[in-house]
Amino acid sequence: MTLNGSVGQQLYEKYRCDGCHGKTGDGTSDLGHATKKFTTDEKLTAFLKRPSDIDPGNQMPAFEGIIAEEKYALLVARVRSLQIDK
């Protein structure tokens, strides 16, 4: 559990991101454009914490207070590693 990718993948699975986004980011809710939409890690982290504040009507659950603050960077790195240039 020392590699960011491994820990990030574990977080991705623990919080069931793969349920909607699939194991590779191309599930029913595609992550292919997340890098373009959230151009900084801070913006992506803010979205993960409170998605409906950023995108009203978004059905993704809010993770603020659920994911430890120091784990967001690892999860963001995992999401960014799944990006597909579309």
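The values are calculated or read from the model by the stated rules, or taken from the named source; none is laboratory data. These numbers were taken from a predicted model, which means no experiment stands behind them. Glycine gets a Cβ as well: all are built from the backbone with ideal geometry, and neighbour counts include every protein chain shown.
Of all the criteria given as (1) assigned to a loop (DSSP other than H, G, I, E, B); (2) closer than 18 Å to residue 81 by Cβ, the one not satisfied by residue 8 is (1). Checking each residue in segment 58-85 for being modelled with pLDDT under 90 and crowded, with 16+ Cβ neighbours inside 10 Å picks out only 82.
Being among the polar types (S, T, N, Q) and touching a residue at least 12 places away in the same chain (Cβ under 8 Å) is the filter here; which residues of segment 33-86 pass it?
Result: 35, 45, 81, 83.
Going by the structure shown, is residue 44 assigned to a helix (DSSP H, G or I), under 12 Å from the mean Cα position of the chain (by Cα) and of a type outside the set (Val, Ile, Thr)? Yes.
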